[in-house]
Structure formats: structure tokens, C-alpha cells
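Notes follow the structure.
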Amino acid sequence: MKKAVPRAILVLALFFVGAFSSVSQTNALFQQGLDEFNRKEYSKSIDTYKQYLTQFPNDYSAHFNVGLAYYNLFNYPLAESSLRSAIRIKPDYVRAHVYLGSTLSFANRYNEAIAELMKALEFEPNNSGAYFEIGLAHYRQKNYTAALQAYRRSSEIDPSKGDTHYRIGATLSRLDKKVDAQAAYERAVSLGLKNGFVQYELARLYAGNQRYTDAIRLLKEAAVILPDYALAYHELGTTYNEVKQFPLAIAALNTAIKLDPKSADSHLGLGNSYYNDNKYAESIPHYQKALELSPKWETAGNYLGDAYLYSNQPAQALAAFNKVLAINPKNTVAIYGLGLVHVRQKNIVLAQQQLEKLDLLDKPSADKLREKINAM
């Protein structure tokens with residue numbers, strides 16, 4: 001099917017390519033509409049087919065093609081109307097039932113969508129596209145077990161569709177079956193699927209298993225396929241941090257922030273890139289930005305405190321850690337950070353006060369701070 005690019009985020013290919021015609025193909029006006037459709041001139045195609053339908057109002061193929069054009073323009077109410085017209089003329093028109101089911105699913109009318117797709121299966125029990133769309137409808141309702149069953153049935157009928165394996169992987173991830181999800185994503189990639197999302201999701205699993213080289217390779221592919229996808233650059237930067245390639249991490253995270261300036265995660269990651277490269281002062285503005293976007297983020301507050309501490313700004317470090325403790329008085333990282341500041345200031349009394357708190361909350365951190373105090 002000729003589909004508009006934005007739908008790649010929501011739905012994969014629907015297993016049909018182009019608009020369909022019957023004996024009407026010999027008609028010049030019909031062929032004109034078909035050519036316009038295949039050039040993605042959907043509005044022109046609709047106008048042409050409407051002219052054609054004034055002459056041949058019972059041509060179900062023309063009604064279907066009008067519905068498909070509206071579908072690609074995301075005009076689902078008009079797509080539904082045209083597809084239903086095709087079905088009224090030809091009740092066993094399986095493709096129309098499938099696309100009508102998909103249209104209803106996009107309109108969040110999931111039960112109606114599944115019912116329509118089941119009609120398609122009554123006429124063609126092994127229609128992989130119908131099962132795929134049933135899977136999508138269940139997935140969108142967060143009925144992941146039912147979605148997985150439908151996707152797997154679709155894959156049994158046609159195992160060559162990388163899209164289906166990708167959706168199986170995404171559903172397994174939702175069910176927290178990461179090993180099986182990875183296998184499904186790998187299958188999708190082996191079948192040549194390059195939608196960017198499968199590369200991104202597989203890379204995340206690889207990174208979680210410390211397969212950083214493979215993760216970086218896939219994230220680079222994802223960034224090429226989806227150059228405006230901020231999450232791909234964010235994950236790439238995070239992975240570069242893991243392998244201590246800090247300049248590359250900084251470049252990737254800067255790109256992520258350009259694409260999504262309001263991502264507190266990316267600002268934190270950029271701060272971490274400078275911090276891990278011992279450039280503490282340069283990390284501070286990025287931690288501050290992360291906190292501006294997410295004021296109660298304790299992790300960002302603790303990193304900011306550490307950055308101030310290691311850039312010899314003790315007063316600011318104290319303020320940062322105290323802000324964290326105002327949110328969560330039992331945050332042991334902040335308590336430990338306060339203790340370190342007092343140690344550096346050679347204030348043993350205040351350092352001991354933080355040690356007493358840690359003794360009650362976190363013995364390993366308390367032991368670390370005790371060593372610092374004893375070394376004063």
C-alpha cells in the first residue's frame with residue numbers, strides 16, 4: 001500500500017500494494033485515478049474517481065480506491081464511507097473489509113474494527129493482513145496477549161513479513177519477555193525491515209546486555225532512517241557514554257536536544273557526558289536544565305550537587321543536595337553528598353551528623369563516608 005510517512009510511527013504495511021481495479025482498468029478515467037493514486041496525488045485521485053463514479057456508480061473497485069485515498073490522507077470518516085460503499089456492492093470484498101477494519105481501528109473503534117476484520121476472515125480464513133490488523137487493534141487497547149496471538153497467526157500464514165515480526169517483538173517487550181522480543185526483532189531485521197524503530201528497539205536490548213558495539217551500529221542505522229527521531233540520538237549518546245566515548249556521546253545528545261529541547265533525559269545525559277569526562281563545570285548547565293524541566297528529579301539534583309562539589313563550589317553543592325532532601329529526606333545519595341561537602345570543608349561535626357543518618361539508612365554508604373571522615 002502507498003502510505004503516508006507519518007503512519008510509520010503507528011502502523012506497519014497492510015500487506016496490499018497500490019490501488020486495486022477490476023475490469024474497469026480499461027477505462028481511461030479509471031486509469032487516470034489509479035496513476036494519480038500511485039503518484040501519491042490522493043486528492044486528485046479522489047476527484048478523478050468521483051467523476052468516474054458518476055458514470056459507473058456500481059464499480060466497487062472505484063469506491064475502494066476512493067476509500068484508500070482518503071485513508072492515506074488520514075480522513076477516516078470519508079474513508080469509512082467509501083469502503084462501506086464498496087462492501088455494499090461486493091459483500092465478499094476482503095480487501096475492503098480489511099481496510100475498513102484498519103480505518104475503524106485508527107478511529108479508536110476497536111471492537112467494531114475487530115468485528116469487521118473477522119468478516120474478512122469469514123471470506124478468506126488465511127488472510128494474514130486481517131490477523132495483523134486484529135493484532136494492532138488489540139495492541140492499541142493494551143490487550144497484549146490477544147495481540148500476540150493475532151500477530152503470530154499472521155506470521156504463520158506469511159512468515160516473510162518483517163513488519164509482523166517487529167510487532168511480535170514490540171508486544172513481547174510489553175509482556176516483559178525480553179529474550180523472545182529480541183529474537184523477534186532480529187528476525188525482522190534479517191528479513192530486511194528498515195523502519196528505524198526495530199533497529200532502535202533491538203539496540204536498546206543489546207545495550208541492556210552490554211552488547212554495545214552492536215547497539216551503536218543499529219542506533220546509527222536508526223538515525224539514518226529516522227533523522228528526526230530524537231530518541232535514537234538519545235540512546236546513541238547514552239550508549240557512547242557506556243563505552244567512554246564522551247565526545248561522540250556529547251555530539252549525539254546535542255542532536256537529540258536540538259530535536260527535542262524539552263527532554264530532561266537528554267539534558268541529564270549530556271550533563272553526564274561532561275561529568276564522566278571530568279568536565280564538571282561544563283556539566284552544570286545541563287543538570288540545571290534537566291531540573292528546570294523536571295524540578296523534582298532527585299537524580300538530576302544529586303548529579304548537580306556532585307558537579308558543584310567536584311568543581312570546587314561547596315556552597316552551591318550544599319544547596320543542591322539540600323533541595324533534594326527537601327523533596328525526599330531519606331535520599332541517601334544526597335545525605336552522602338552533604339557529608340562529602342562537610343569533609344572537604346573539614347567540618348567534622350556536620351559530617352558526623354550525616355554519617356549518623358546514613359548508619360540508619362544505608363550501611364555501605366555510611367562505611368564509605370566514615371572512611372572519608374577518618375582520613376580527615
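The values are calculated or read from the model by the stated rules, or taken from the named source; none is laboratory data. All of these numbers come straight from a predicted model, not from anything done at the bench. Cβ: placed from backbone, ideal geometry, glycine included. Neighbour counts: every protein chain shown.
No other residue among 339, 305, 301 is at pLDDT 95 or above and in contact with a Gly (Cβ under 8 Å, 6 or more places away or on another chain) apart from 305.
When segment 112-135 is limited to residues that are touching a residue at least 12 places away in the same chain (Cβ under 8 Å) and among the charged types (D, E, K, R), the one that is farthest from residue 102 (Cα to Cα) turns out to be 124. Taken as a whole, the condition of being within 36 Å of the chain's Cα centre (by Cα), among the polar types (S, T, N, Q) and either over 25 Å from residue 137 (Cα atoms) or at pLDDT below 95 (or both) does not apply to residue 81. Every condition in (1) more than 27 Å from residue 154 (Cβ to Cβ); (2) modelled with pLDDT of 95 or more is met by residue 54 except one, and the failing one is (2).
Confirm whether residue 205 is surrounded by fewer than 22 Cβ atoms within 10 Å (Cβ to Cβ), in contact with a Gly (Cβ under 8 Å, 6 or more places away or on another chain) and not small (Gly, Ala, Ser). Give the derivation first.
Details: surrounded by fewer than 22 Cβ atoms within 10 Å (Cβ to Cβ): yes; in contact with a Gly (Cβ under 8 Å, 6 or more places away or on another chain): no; not small (Gly, Ala, Ser): yes.
Against the criterion (surrounded by fewer than 22 Cβ atoms within 10 Å (Cβ to Cβ), in contact with a Gly (Cβ under 8 Å, 6 or more places away or on another chain) and not small (Gly, Ala, Ser)), residue 205 does not qualify.
Restricting attention to segment 238-247 and to residues that are part of a helix (DSSP H, G or I), surrounded by 17 or more Cβ atoms within 10 Å (Cβ to Cβ) and not hydroxyl-bearing (Ser, Thr, Tyr), the residue that is nearest to the chain's Cα centre (by Cα) turns out to be 241.
Scanning segment 50-66 for residues that are in contact with an Asp or Glu (Cβ under 9 Å, 6 or more places away or on another chain) and of a type in the set (Ser, Thr, Tyr) returns a single hit, 52.
Listed by first and then second residue, the pairs linking a residue in segment 341-365 that is closer than 18 Å to residue 306 by Cβ to a residue that is of a type in the set (Phe, Trp, Tyr) and surrounded by 14 or more Cβ atoms within 10 Å (Cβ to Cβ), with Cβ atoms under 6 Å apart and 6 or more places separating them unless they lie on different chains, are 365/336.
When you go through 293, 259, 270 one by one, which is the residue that is modelled with pLDDT of 95 or more and in contact with a Leu (Cβ under 8 Å, 6 or more places away or on another chain)?
Numbers: 293 fails: in contact with a Leu (Cβ under 8 Å, 6 or more places away or on another chain); 259 fails: in contact with a Leu (Cβ under 8 Å, 6 or more places away or on another chain).
Of 293, 259, 270, the one residue that is modelled with pLDDT of 95 or more and in contact with a Leu (Cβ under 8 Å, 6 or more places away or on another chain) is 270.
Does residue 187 satisfy the criteria of being surrounded by fewer than 22 Cβ atoms within 10 Å (Cβ to Cβ), within 22 Å of residue 125 (Cα to Cα) and either at pLDDT below 95 or over 15 Å from the mean Cα position of the chain (by Cα) (or both)?
When the stated conditions are applied, residue 187 does not pass them.
Reported count of residues in segment 249-269, each being under 20 Å from residue 324 (Cβ atoms) and surrounded by 23 or more Cβ atoms within 10 Å (Cβ to Cβ), is 3. Checked against (1) within 23 Å of the chain's Cα centre (by Cα); (2) aromatic (Phe, Trp, Tyr); (3) under 23 Å from residue 87 (Cβ atoms), residue 139 passes all but condition (3).
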